[in-house]
Amino acid sequence: PYPMYDQMRAGQPVAYMEAMKFWSVFGYDDVRTVLSDQARFSSGHGHEASAETAAQKSAQANSGFSLITTDPPRHTMLRSLVSRAFTPKAVAALEPRIEQIANELLAPYIQSGKVDLIRDFSYPLPVIVIAELLGIPSEDRDRFKHWSDEVVASANAVIGEVNPESQQALMEMHAYFREIIAKRRIHPQDDLISALLLAEEEQQQLSEHDILAFCSLLLVAGNETTTNLIGNAVLTLLEHPEQWDQLRQDPQLLPSAIEEVLRYRSPVQAMFRTAKEELEIGGQTIAAGSRVVAWIGSANRDEHKFMNAHTFDITRNPNPHIAFGHGIHFCLGAPLARMEAKVALRVILDRLPNLQRINQDLLQPARGFIVHGVESLPLRFHH
Ligand code: HEM
């Protein structure tokens, strides 16, 4: 997408996309404004989203977009409740366990010297982490993974088709979560659902529906994004072998390398908003109720903000990318995603020496225009 972004930033930084029926915003400052100016841009879907069918709307409602598609004051209340259960401290405590899971995932491939980084590693890793965070027992993990796939598929279907299997899976998943909630009410455990229930009891502001919606949102917001951050990191570092070596020699660079991957190949390329009123941005007048897409992937390559924006540099500093958004909806899972990526890269550096792509064919991009990554990444390695 990058040559297209460059062209748009240079010629039409705010443009109406006739075919898609939405406005697009490409420059760094404007994208930040669209993401964070709650007074003018709503995270809700608006009334004029004519491209969406009733089925798509119901899929959105089911898959529980509540936090991410809610405006203040309700957003403020929901966010403060869930972030209490989602603190950096809680995330840091997960590190040893994430490392263990990452090692377990790679173990079966060490002998053969071949692995599909996406299918075998970066895809299952975040699913398992979220399952554990929520306190899903390991014997239910396969069921959970199936539901997670379907929830993500139905979220992607916001811009495509919703199939009945996804709907079925969502209903099953909600029934399952309800059972877990009932159990945790009686016997709280050290997990996110128990923490949310506690918040519910104390505040009486969080309904069971809110908790279900939040659990589904974590699956949609946290899985494919993290898969692609890890995949994009390995892909980009393989394209820059000298920086791969530099990272191997100096693992202290891992956090800044991950920030640079977030900027250079942002796993979430775009977010939607709805204009609350008629407004002007970038010299264009946008009618009330219009859908507006903030192109994060373009903002993060804006030469006005980043020197040598198209150069990948793991030592880039400062790096004010907006891959996790900006403002009140700033990604709740950012500390978790950063940590998963750091642990994943560390384990890959340790266990998969002399890593190479198996074939240099064109890689299949991830579906849709919001998520940015590859469907599969076959690799070989040797000791
Ligand atoms: C919000 C990106 C991982 C949970 C967001 C937003 C972005 C984003 C751009 C802002 C949406 C907006 O402004 O409308 C990413 C990327 C990730 C990632 C690039 C990985 C590399 C995660 C993970 C979780 C998570 C691991 C949870 C387990 C959320 C939630 C929100 C959110 C709950 C909504 C916050 C709110 O509306 O207040 N994410 N995310 N994300 N993300 Fe992430």
Q. For L237, all conditions in the list (1) among the aliphatic types (A, V, I, L, M); (2) under 30 Å from R357 (Cα atoms); (3) under 14 Å from the mean Cα position of the chain (by Cα) hold save one; what is the number of the exception?
A. (3)
Q. Taking into account only those residues within segment 304-358 that are out of contact with any Asp or Glu (no Cβ under 8 Å at 6 or more places or on another chain) and without any contact (Cβ under 8 Å) to a residue 24 or more places away in the chain, which is surrounded by the fewest Cβ atoms within 10 Å (Cβ to Cβ)?
A. P318
Q.
Pull out all pairs, ordered by first then second residue, where Cβ-Cβ is under 6 Å, the residues are six or more apart or on different chains, the first lies in segment 145-161 and is closer than 12 Å to N223 by Cα, and the second is at pLDDT 70 or above and of a type in the set (D, E, K, R).
A. V152/E224
Q) Checking L238 against (1) more than 27 Å from G27 (Cβ to Cβ); (2) buried (at least 23 other Cβ atoms within 10 Å of the Cβ); (3) in contact with a Lys or Arg (Cβ under 8 Å, 6 or more places away or on another chain), which test does it fail? A) (2)
Q.
Among the residues that make up segment 297-310, is at least one of them within 13 Å of the ligand (Cβ to nearest atom), basic (K, R) and either farther than 30 Å from V234 by Cβ or touching a helix residue (DSSP H, G or I) at 6+ places or on another chain (Cβ under 9 Å) (or both)?
A. no
(Q) Tell me whether segment 272-290 contains one or more residues that are farther than 23 Å from F41 by Cβ, of a type outside the set (S, T, N, Q) and within 15 Å of the ligand (Cβ to nearest atom). (A) no
Q: Run I98 past the list (1) within 16 Å of the ligand (Cβ to nearest atom); (2) at pLDDT 95 or above; (3) more than 23 Å from S194 (Cβ to Cβ) and report the number of the one that doesn't hold.
A: (3)
Q | Yes/no for N232 being crowded, with 20+ Cβ neighbours inside 10 Å, touching a Lys or Arg at 6+ places or on another chain (Cβ under 8 Å) and either at pLDDT 80 or above or polar (S, T, N, Q) (or both) | A | yes
(Q) If a residue must be in contact with a strand residue (DSSP E or B) (Cβ under 6 Å, 6 or more places away or on another chain), over 30 Å from F312 (Cα atoms) and not in a loop (DSSP other than H, G, I, E, B), how many such residues does segment 254-280 contain? (A) 3
Q | Looking only at segment 241-268, and only at residues there that are surrounded by fewer than 22 Cβ atoms within 10 Å (Cβ to Cβ) and of a type in the set (S, T, N, Q), the one that is farthest from the ligand (Cβ to nearest atom) | A | Q249
Q | segment 168-193, residues that are farther than 15 Å from L218 by Cβ, hydrophobic (A, V, I, L, M, F, W, C) and touching a helix residue (DSSP H, G or I) at 6+ places or on another chain (Cβ under 7 Å) | A | A169
Q) Can you tell me which residues in segment 356-383 are aliphatic (A, V, I, L, M), under 16 Å from F121 (Cβ atoms) and in contact with a helix residue (DSSP H, G or I) (Cβ under 7 Å, 6 or more places away or on another chain)? A) A366, V374, L377, L379
Q) In segment 79-93, what residues are out of contact with any Pro (no Cβ under 7 Å at 6 or more places or on another chain) and either surrounded by 18 or more Cβ atoms within 10 Å (Cβ to Cβ) or not in a helix (DSSP H, G or I) (or both)? A) R79, L81, V82, A85, F86, T87, A93
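The values are calculated or read from the model by the stated rules, or taken from the named source; none is laboratory data. For clarity, every value in this text was computed on a predicted model and none was experimentally measured. Cβ atoms come from the backbone with ideal geometry, glycine included; neighbour counts cover every protein chain shown.
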